[in-house]
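In what follows, a structure is listed as structure tokens, so that the remarks can point back to it.
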Amino acid sequence: QVQLVESGGGLVQAGGSLRLSCAASGGTFSWSSMGWFRQAPGKEREFVASISWRTSNTKYADSAKGRFTISRDNAKNMSYLQMKRLKPEDTAVYYCAAGPTVWATESEQYDYWGRGTQVTVSS
């Protein structure tokens, strides 16, 4: 059974940075994409970024472009989300996910999910 565990969340002031990590373990790592999603209170879960596990090609939501960078380390089965110039509207629980579809941007395209890590950006 594949397990994904996020870490690195916390409280940061607006304009600050955080680096989220996602560690994968268990099962056979045969997915094509790892992605990051977020869900703010009272809102639906939304796509943030995804990365192709084989080519490292990336895709970002408009809200993340220019501020967030997704990366992965195949040898360590890790995915990272570097977030800079954070804004209060980035406050949410951030989830990593893995799935078989390259550049997937929809939740339904991912098979495995972590439990999330809280990111809070104060103004």
* Structure fact -> Distance in nm between residue 25 and residue 45 label points, each 7 Å along Cα→Cβ, equals 2.2
* **Reachable aspartates and glutamates from residue 84, criterion Cα separation under 15 angstrom, eight or more residues apart if same chain** => 62
* Mean Cα-pair separation over length for the chain, i.e. relative contact order, pairs under 8 Å, 6 or more apart, % -> 36
* To do: Can you work out the accessible area per residue across the chain, with the rest of the protein chains kept in place, probe 1.4 Å, in square angstrom?
  => 52
* Structure fact -> The percentage of the accessible area of the chain (probe 1.4 Å, all protein chains present) made up of carbon and sulfur atoms, to the nearest whole number, is 45
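The values are calculated or read from the model by the stated rules, or taken from the named source; none is laboratory data. This one's a predicted model, so the numbers in the text were calculated from it and none came from an experiment. Glycine also receives a Cβ, built like all others from the backbone with ideal geometry; neighbour counts cover every protein chain displayed. Note: accessible area is taken over every heavy atom of the protein model, side chains too, but ligands, DNA and RNA are not part of it. Shrake-Rupley method; radii C 1.70, N 1.55, O 1.52, S 1.80 Å.
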